[in-house]
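The values are calculated or read from the model by the stated rules, or taken from the named source; none is laboratory data. Computed from a prediction, not measured in an experiment: that's the story for all the values here. All Cβ positions, glycine included, derive from the backbone under ideal geometry; neighbour counts span all protein chains shown. Accessible surface areas use protein heavy atoms only, side chains included; no ligands, DNA or RNA. Shrake-Rupley method; radii C 1.70, N 1.55, O 1.52, S 1.80 Å.
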Amino acid sequence: PSSDLHADHLATSTHPGNGEVLLWLPLLPYLPDRRILALRARGFEEGETPFDSLDDMVTAYLAAIKKSEPQGPYCLFGRCFGGILVFELAKRLRAQGDEVLFLGSIDAPAQPSNFLKTYRQEKNTKILDLLRYLKVITLEQYQEWGIELAHLGPEEFPEAVLQRVPSLGKSGLSLPKLRNWIAIVMSLYSLVQDYTPQGQVDALDAFSRGAPSGSGCEDLEWHDKWIRGGR
């Protein structure tokens, strides 16, 4: 990150493909003096509908950033699907004359549509991904259930998850809410099936934790072919 990055600069984190921002919670203890704006996908709250296009999503998120911090400079960070969002947001901000001090992504393929076409993505299991991050389930459960439940459709999958983690229902995550969550995930991925990055930004720091589970590739291939490829 730039040496000009200070605690008074707004940090914006975007959601991954599961639409939620809760996976960023474990990082909060390391950012005690930082103002953070977390962008969550539309559709979770009653009366909301998912975005119809990537352009509409980026426009809404840009408005949210400007409402929270009318003047930059800005810091943007996204994981996986969120890498698309921060790239598009950075271009919009730059076009408006705003300064983006830091732009980063983690495990975000440089060519998202090529990755989605190459490797089968079990979008239902994105919920399991978040539950693992929140330590509701273990890594072993995440891996086992991802395989066991991969064949289920968006109607059956939430029921199977609730059967395995009944505490979710007690905490307010009901069957209708789980089904709605899956619908949001499906809609997000439909928006980027043919997405190819266009344009340029001053700099983008790309980080990788290694090949994600289910990607079908080794760590080196993930880093060289998908994270660095096309940059």
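Being open to solvent by less than 10 Å² (accessible area, probe 1.4 Å), touching a residue at least 60 places away in the same chain (Cβ under 8 Å), at negative phi and touching a Gly at 6+ places or on another chain (Cβ under 8 Å), is that true of even one residue in the stretch 143-152?
no
Each row is one residue, and each column tells you yes or no for (1) among the aliphatic types (A, V, I, L, M); (2) modelled with pLDDT under 90.
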site	(1), (2)
ALA38	yes, no
GLU46	no, yes
ASP55	no, no
ALA60	yes, no
LYS67	no, no
PRO70	no, no
PHE77	no, no
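Given the structure, is LEU31 of a type in the set (A, V, I, L, M) and either without any contact (Cβ under 8 Å) to a residue 12 or more places away in the chain or within 21 Å of ASP202 (Cβ to Cβ) (or both)?
no
Please give the number of the condition ALA110 fails out of (1) touching a Lys or Arg at 6+ places or on another chain (Cβ under 8 Å); (2) within 21 Å of TRP181 (Cα to Cα).
Unmet condition: (2).
Return the only residue of LEU103, LEU93 being buried (at least 17 other Cβ atoms within 10 Å of the Cβ), touching a residue at least 60 places away in the same chain (Cβ under 8 Å) and either under 16 Å from SER187 (Cα atoms) or in contact with a strand residue (DSSP E or B) (Cβ under 7 Å, 6 or more places away or on another chain) (or both).
Only one candidate passes the filter, namely LEU103.
Output the residues belonging to the stretch 142-167 that are under 20 Å from GLU45 (Cα atoms) and either touching a helix residue (DSSP H, G or I) at 6+ places or on another chain (Cβ under 6 Å) or β-branched (Val, Ile, Thr) (or both).
PRO154, PRO158
One residue is enough: does the stretch 180-191 have a residue meeting the conditions in a loop (DSSP other than H, G, I, E, B) and either open to solvent by less than 70 Å² (accessible area, probe 1.4 Å) or among the aromatic types (Phe, Trp, Tyr) (or both)?
no
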